[in-house]
Amino acid sequence: MQISDQLTQYLFSGLATGAIYALIGLGFAIIYNATGIINFAQGEFVMLGGMFTVTLINTTGLHPGVAVPCAIILTTVVGILFERLAIRPLKSATPLSLVIITIGGSILIRGIAMLFWDKDTHALPGFSGDEPITIYGASLMPQHLWIFAVTIVVIGMSKIFFSYTISGKAMRACSYNIRAASLIGIDVRRMVLFAFIISSAMGSLAGIIIAPLTMTSYDVGIMIGIKGFCAAIIGGMSSGFGTVLGGLLLGVLESLGAGLVSSGYKDAIAFVILLLILFIRPQGLFKKAETERV
Amino acid sequence: MKRELLKFLILAILVAILPTLLSGSYLVNVLIFVGIHTMLAVALNLLLGFAGQISLGHAGFFGLGAYASAILTTTYGINPWIAMVAAAVAVSLLAFAIGFPILKLKGHYLAMATLGLGIIFFIVFNEAVELTGGPSGFSGIPNLKIGSITFDNDLKNYGLIWLFTLVTVLLSVNLANSRIGRALRAIHDSEVAARVMGVNARLLKVQIFALSAGISAIAGSLYAHTMGFISPTSFGFNFSIELITMVIIGGLGSIYGSLIGAFILTILPEALRTFQDYDIIIYGIILILMTMFLPGGLVRGIPGLLARLRPADKQEEG
Amino acid sequence: MRTRLITGILSAVLLSVFLGSSLALAAEPIKIGGLFSVTGPASFLGEPERNTAQMVVDEINAAGGIKGRKLQLIAYDTQGDSTKAKQLVNKLIKNDKVVAIVGPSTTGDSMAIIGDVERAGIPLVSCAAGSKITDPVKKWVFKTAQNDGLAVEKIFDYLKKMKISHVAILTVSDGFGSSGREQLKAKAAKYGIKLVVDDTYGPKDTDMTPQLTKIRSSQAQAIICWGTNPGPAVIARNVKQLGIKLPLFMSHGVSSKKFIELAGDAAEGIILPSGRVIVSDVLPQQDKQKKSLISFVKDYQKHYKAEGDHFGGHAWDAIMLLKGAIERGGVTPAGIRDALEKTVNFAGIGGVFTFSRTDHAGLTKDAFVLVQVKNRDWALVK
């Protein structure tokens, strides 16, 4: 086995994992940009997507092509309920209370999922079989290609949405200055709801396409949510390429860390690098510094 | 100032008579944990409530204190009291050093950074097996001793831990009412304004961060010496969240509120135990409802809530 | 799955009604404490354990109890957190005044409470595997889960027979994995085995190809993975993805049908040491444990509509051992302890137990059999 082959395998494994983080990070970034909220329940949307799909396919025997959209819709309904019941009624929405309430929401969703389903892990068959494919000496699963493809499509769609549609532009306006946005007639509350719809749908999509690889259970949302958040932070909370690059970077770092340095400390390595990035460039790697108005 | 003294005296008397009412009950043991949690919540509140800086990784400092004490006493045979002081100083210094870059961050970036810090500590507890015993834990930690008294039962530990807790509360109340406390609140409201007024905001924030970490480390040492056994599961992300919840429930910037928050969150599982697996759901609901309806915490929130209810009643009558 | 919940609630209600009405008639019940990690990361241990313990207690009571007295199980959830375990053991001892305790589920929780049961003088029958729970022997502490070391020896025996000397190990970084890793490292030299790669992975990790890539390019002739679901299933799939042809061994942590279901085709050919419970139907008639195994599997299926696994078996053994001890030694904690220590040749789920003054774990490596996954089912390795 050549060292170069090893490196390509680390690289591809890292990119594949990174694409997952990127997809989840995008969900964080979209809500943040429209509302200023860091949604700690984002990881739970990922979990719900996977669990709904597993249930629909295994118990009702639906065709995956039907089950996947159904699962996305169901998760989106949860996202809407969450926004309506917990976020909107909030009177004094300080950043801290928003952090706490979304953490509370994630605990609640996880708890309900544990009782509604069970504590077991569930598997989902791959969308296009389970025969590995070889690229430049590195092995990947067909599912990895799905992940790459979906990530690219999602970035493309969010680019179009934010640049060319009225709602997208309105959401961007909210992210710059909520008061100014509402002055020019943008319904800020509707934009918040919109953001939750988009990001819960996106989170569940991520959860569905990774389930065949990573399997799913009621508690997968915590760690994967943190990693997604991490990706978004490295990318400077952008709802486009920044976060994607952040996710890929995180994935590759972990993979190289596990393969070359120490598998036990690979997450620690990733987080130390995250801290360094934050210390040196608090605004994220791929974003220009902003001056703060007071 | 007299009122503060009175409040503190009432608390001290309560602490002194409670165990006689509960003698022999397992509740004394629960109250030991209330004490440790109070120290931690008060420490976090200094940072969160007064300086306005969030930390999602405080369980890490708690764990550092516990592991430092455990390793120094058990592996190297150092006197537990010396170990406790050494742990507290070392953790404070570490926090002081990390504090400068980390407290430059704001809002969610700070949340992410402290979260990451907590996870890094947790991974070290888990992975440095030769040092910490890894996931299966560290056992055989000696009890604390003063002269011929060994703190080896619930009642003695209760006394010891609540002594530390009361000292922490007293110091924090004094700090809050001092010049430093006012400067901290100024930072909380507007850092730039505070700086213009000649407050060295950056240094002050870092100092509070170090103090908060140091108190957490002492709580960790006490925890290690009373439990006799520690394992990484007690110092994870979940516990950081639990600590924040205690502070929020009690009210940001209210020292006695943190005590009440710690009390409720430690006793709550005892009450919820009859619900078995459902307790996690109830926990989540409490967090959400508290933030929605009592954002100022229980101590300040309940009078406010009552006041809001009362005029409404009158309107209905009238 | 919701039906399971509803039946759970219903049976709890019925049970409490039943207990309530019978309380007035019979003498005071014998209280036994239970500490299981029913929720949290080790729920895969705690849930079947609690279910089984409750089931066995109900059955003992239905058959008339012990010497005319009913058993009462007071079970709490430690959530796999040693702080909670510590609080709860105090509650069991001081508040509920139990005469013996079953559990906890994890080695960490067990180690956390040993000091308390020793001081209070209450016999503890742990359901965790870590060998340091009973090594060195503690007066009041026993255990039913097979020591990890025994499983390691079972695998190493086989490797020696196959003349494999270079091995890569991949263990999960939690209590189960680190205890296994310790034993793998400690026992390797005795069998002339060299560990060429010693890697770990996190319990929530979803891709282990980096570690396996490293193993692929090492001199390893076999891979031993030590973990509990879902990690090992991911590893089995990753091994297949990377086209690694080395024989893959797992631990007893995955000896349930769930593993085969999760790993799918990638599970084929994997060998692991396991308690006899998963192969109870193909065991020879003269096997000492067969009777216990069949009755456990049948009862569990009846009560919970699920496959009884060897984790539940640990609780079955613990309660049955206590039952025997109470019958012989009376209902005082000291009497139970002394009788427990004199237990000889008790054929349970985990193996045939013989406790003594110097051995509170009570099993030999015969407690394990090697099984291999063939056609999505378990087959005994001769």
(message) For C:I349, what residues show an amide H to amide H distance below 5 Å, using hydrogens built from the backbone and excluding near sequence neighbours?
(response) C:D317
(request) May I ask for the Kirkwood hydrodynamic radius of chain B, worked out over all distinct Cα pairs and given in angstroms to one decimal? (result) 20.5 Å
(message) Quick check for me: using +1 on Lys/Arg Cβ and -1 on Asp/Glu Cβ, what's the dipole size of segment C:175-224 about its Cα centre, in debye to the nearest 20?
(response) 240 debye
(message) Just to confirm a number: summing +1 for Lys and Arg and -1 for Asp and Glu over residues other than A:P142 whose beta-carbon lies under 12 angstrom from that of A:P142, what do you get?
(response) -2
(message) Students often forget the sequence filter, so: which lysines lie under 27 Å Cα-Cα from C:K160 once same-chain residues fewer than 8 apart are removed?
(response) C:K132, C:K185, C:K187, C:K190, C:K194, C:K214, C:K240, C:K245, C:K365, C:K374, C:K382
(message) Suppose R0 equals 30 Å. What FRET efficiency, 1/(1 + (r/R0)^6) with r the Cβ-Cβ distance, do B:L170 and B:A193 give to the nearest 0.05?
(response) 0.50
(request) Please identify, among B:F138, B:F96, B:F293, the residue showing maximal mean-square fluctuation in a Gaussian network model of chain B using a 10 angstrom Cα cutoff. (result) B:F293
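Given Cα pairs under 8 Å that are at least 6 residues apart, what percent is the relative contact order of chain B?
It comes to 31 percent, rounded to a whole number.
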(message) What distance in nm lies between label points placed 7 Å from Cα along the C-beta direction at B:I282 and A:I197?
(response) 3.7 nm
(request) Report the local net charge at A:A268: Lys and Arg +1, Asp and Glu -1, summed over other residues whose C-beta lies under 13 Å from its C-beta. (result) -2
(message) Suppose each label sits 7 Å from its Cα in the direction of the beta carbon; what would the B:I17-C:K290 distance come out to in nanometres?
(response) 7.0 nm
(message) Using each residue's phi in segment C:279-294, evaluate 6.51 cos²θ - 1.76 cosθ + 1.60 at θ = phi - 60° and report the 3J(HN,Hα) Karplus result to the nearest Hz, with x for Gly and Pro.
(response) 10, 4, 6, 9, 5, x, 4, 6, 4, 4, 7, 3, 4, 4, 4, 4
(request) Note down the nm distance, to one decimal, between modelled labels 7 Å out along Cα→Cβ at B:S148 and at A:A149. (result) 8.1 nm
(message) For a Förster distance of 45 Å, can you work out the FRET efficiency between the beta-carbons of B:N79 and C:T332, rounded to the nearest 0.05?
(response) 0.65
(message) Based on alpha-carbon centroids, what's the gap between segment B:152-227 and segment B:252-272 in Å, whole number please?
(response) 17 Å
(request) Tally the DSSP beta bridges in the protein assembly as shown and give the antiparallel ones as a percent, rounded to 5. (result) 40 percent
(request) Take the Cβ-Cβ distance between C:E59 and C:N345 as r, set R0 to 30 Å, and report the resulting FRET efficiency rounded to the nearest 0.05. (result) 0.85
(request) Quick one: dipole size for segment C:149-274, taken about the Cα centre, charges +1 on Lys/Arg Cβ and -1 on Asp/Glu Cβ, in debye to the nearest 20. (result) 400 debye
(request) Find which of A:V46, A:P69, A:G156 sits farthest along the positive direction of the dipole of chain A, computed with +1 on the beta-carbon of Lys and Arg, -1 on that of Asp and Glu, about the Cα centre. (result) A:G156
(request) Could you size up the charge dipole of segment A:27-222 around its Cα centre, putting +1 on the beta carbon of Lys and Arg and -1 on that of Asp and Glu, and report it in debye to the nearest 20? (result) 960 debye
(message) Of A:L285, A:I37, A:F12, which is farthest towards the positive pole of chain A's charge dipole, taken about the Cα centre with +1 and -1 on the beta-carbons of Lys, Arg and Asp, Glu respectively?
(response) A:I37
(message) Among B:L94, B:S148, B:T75, which residue has its Cα furthest toward the positive end of the charge dipole of segment B:25-277, with +1 on Lys/Arg Cβ and -1 on Asp/Glu Cβ?
(response) B:L94
(message) Net charge around A:F196, counting only other residues with Cβ within less than 10 Å of its Cβ (Lys, Arg = +1; Asp, Glu = -1)?
(response) +1
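Bear in mind that the values in this text are calculations on the coordinates, not laboratory data. All of these numbers come straight from a predicted model, not from anything done at the bench. Glycine also receives a Cβ, built like all others from the backbone with ideal geometry; neighbour counts cover every protein chain displayed.
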